[in-house]
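Contents: one structure, followed by commentary.
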Amino acid sequence: MKFRLSYRTRILFYFSVIIAIFTVGIILFEQKQIRYERTQSLENMLDGNADFINRYIEGQNIVFPVGTQQLDELTTYFSDNMRLTIVDKSGAVMYDNLLDENTMANHITRPEIQRAHDSGRGSNIRMSESNHIRYLYYAKNYNDEYFIRVALPYDLQVRPFLNSGNSFMYFIILFFIVSVLMMFYFANKFSQSIKELKEFAVNLKNEKPEKTAFEFPDDEVGEVSAEIVENYNLLKENRKKLALEREKLLQHFQYSEEGIAIFSEDRKKIYTNSHFLQLLNIIVDEHILDDESLFSDPNFEEIVAFLDSRDRTENMFSTRIEKSGKQFNVRVIIFEDNNFEIYISDITKAEKRRLLKQEMTNNIAHELRTPVTSIRGYLETILNLDDEDVARQKLFIDRAYVQTIRLSELIQDISMLTKIEEAADRFVREAVNMKSLLEELESDLSEKFLKKDITFVVDVPDNLIIYGSRTLLYSIFRNLTENSISYAGESIQIKLRCYMETDDAVYFEFHDTGVGVEEKHLVRIFERFYRVNEGRTRDTGGSGLGLSIVKNAVLFHKGNIVAKNRPEGGLMFLITFPKNKL
């Protein structure tokens, strides 16, 4: 057990210490006074010596370093231990009676020299850096031309404490005054803890703002009081942190797109976010307003069975529920206190994306299989031909080459489609002049137009600008044009015109005068790998991705595209692009 003095004993101890401190203070004060008076006396003496030396230098017209011998003769009349140093205005030592001035450092930074420079005279008590003797230095500035510094070894001995006259009486009176004040101070400290704790308790009871800092005395009551306040502050801080974390969690629940609900062990609702009841009403057969009704709904039988299980080895269970054409993932997590959380997420879109990717993978594999199989067959045939049968070798090499072109175009289309969907930020957006772009398209496809006797007509204003990706805009109209070249027939007209322009959008019409497409195919014409006629595609070598690229490229520009048959015959596409900068 820690030993502790009583309050009374400590009071006596405190007063004893105070008396001792004041006694030492009186002695130190007297010593300081004597040291100050004697130091002042010495400085006055050194000031007279400096003036005398200056008059001697001026009277003898001493010029340094020639006149140092005359100064040596002068110093013989002074005290043996007095040191004389002449320093020029830059701090260089011109003369020193005890040391070789040529070996001495610059003195401009010496405290006494700096004070003399600033106020005409200055003194300092310190250890000499030249001969390591403690001196009382006194320096004086003469006409801002040089400094005369005189010094004596500082070996003053303070006289014993004798009768100090009135000063001593003043300190005795001060001692008793301070003693009385200290007695009241410590008495007040004893009651301070009780007073502070009472004020603290009253403020808490009345719900008033409590003080943030307390000063308790270092005694039993003070320590207990400090511990109480500290524990309360820690509890208050922890409650604030807990409330902050709870608020973060609730915000996370509220902004989450999934339905989240927390229930007690007896299945009473503790918390639910807004999405939970919405998703719950999609799953259950009847419209409900009570979240706890899910425990009696047949769709949640597996969840209820898991909660009722007594021999479960895991605290988490997940299942899928299909309802109203949607798929939901339902997960329950049981906490250590047997409260539990139910989590409902709509995975319909995610599942569709998964199936779409799976279908895409299967279609790509199927599309790649055809040209690869053809190339392999042609190469095997060539290997089995006689070396003299050059004509047939060339025939099959040409066919294999055609299949490699088809394979290359397929890979290029797949790459373009993937880039639009997953790396759209890699397309540079800029102001695109549509007239220039379509003229470039006409030039690139001129041979194909000539081969099939196709007339290509562009009716677009010269200054029409669309803000977007030039690469994708070119791809849109090239794919539409190549689609018409491949499937619309020969001796047709392909026309592209801007039929309307507003402040917000630009409207294009693209049509051909070919055979058109059956109505049943129009709704699926933009699907990947969808073909109106498999045999026709095989002959023309299309990848089945052209119009899908067109659709995604238009959506990239926040636009819209619709396909329809023309009454006069042929297929028509209506395209809308926003006019504002993207």
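Note that segment 92-108 has calculated 3J(HN,Hα) couplings of 6, 7, 9, 7, 8, 6, 10, 10, 6, 4, 6, 9, 8, 6, 5, 9, 5 Hz, one per residue in order, obtained from phi through the Karplus relation 6.51 cos²θ - 1.76 cosθ + 1.60 (θ = phi - 60°); glycine and proline are x.
Please arrange 140, 323 by accessible surface area, largest first, computed with a 1.4 Å probe and ligands excluded.
323, 140
Close amide H partners of residue 427, meaning residues 5 or more places away or on another chain with modelled amide H under 5 Å apart, do not exist here.
Put simply, the amide H of residue 469, placed in the peptide plane, has neighbours under 5 Å in 430, leaving out anything fewer than 5 places away on its chain.
The residues of segment 253-323 have, on average, 62 Å² of accessible surface per residue, using a 1.4 Å probe with all protein chains present. On a per residue basis, segment 449-495 carries 44 Å² of accessible surface, using protein heavy atoms and a 1.4 Å probe.
Here the Karplus curve 6.51 cos²θ - 1.76 cosθ + 1.60, taken at θ = phi - 60°, turns the phi angles of segment 315-322 into couplings of 9, 9, 9, 9, 8, 10, 10, 9 Hz, with x standing for Gly and Pro. Surface composition of segment 446-529: carbon plus sulfur atoms hold 44% of the accessible area, using a 1.4 angstrom probe and ignoring ligands, DNA and RNA. Each residue of segment 142-153 was assigned a 3J(HN,Hα) from its phi angle through the Karplus curve 6.51 cos²θ - 1.76 cosθ + 1.60 (θ = phi - 60°); the sequence is 10, 6, 6, 9, 7, 10, 9, 10, 10, 8, 10, x Hz, with glycine and proline shown as x.
Got the relative contact order for segment 298-349 handy, in percent, Cα pairs under 8 Å and 6 or more residues apart?
26
Close amide-amide hydrogen proximity is noted between residue 133 and 128, each under 5 Å apart and 5 or more residues distant or on a separate chain (H modeled in the peptide plane; Pro and chain starts excluded).
Taking 22 Å as the limit for the C-alpha separation, the pairs 448/495; 349/520; 241/269; 89/140 exceed it in the case of 349/520; 241/269. Can you give the net charge of the other residues whose Cβ lies under 10 Å from the Cβ of residue 334, counting K and R as +1 and D and E as -1? Charge balance near residue 334 sits at -4.
For segment 238-327, the equivalent ellipsoid derived from the alpha-carbon gyration tensor has semi-axes of 25, 19, 12 Å in decreasing order.
The values are calculated or read from the model by the stated rules, or taken from the named source; none is laboratory data. Predicted model only: the values in this text are computed from it and were never measured. Because the Cβ atoms are built from the backbone with ideal geometry, glycine has one as well, and the counts that use them run over all protein chains shown. Keep in mind that these areas ignore ligands, DNA and RNA; they rest on the heavy atoms of the full protein, side chains included. Shrake-Rupley method; radii C 1.70, N 1.55, O 1.52, S 1.80 Å.
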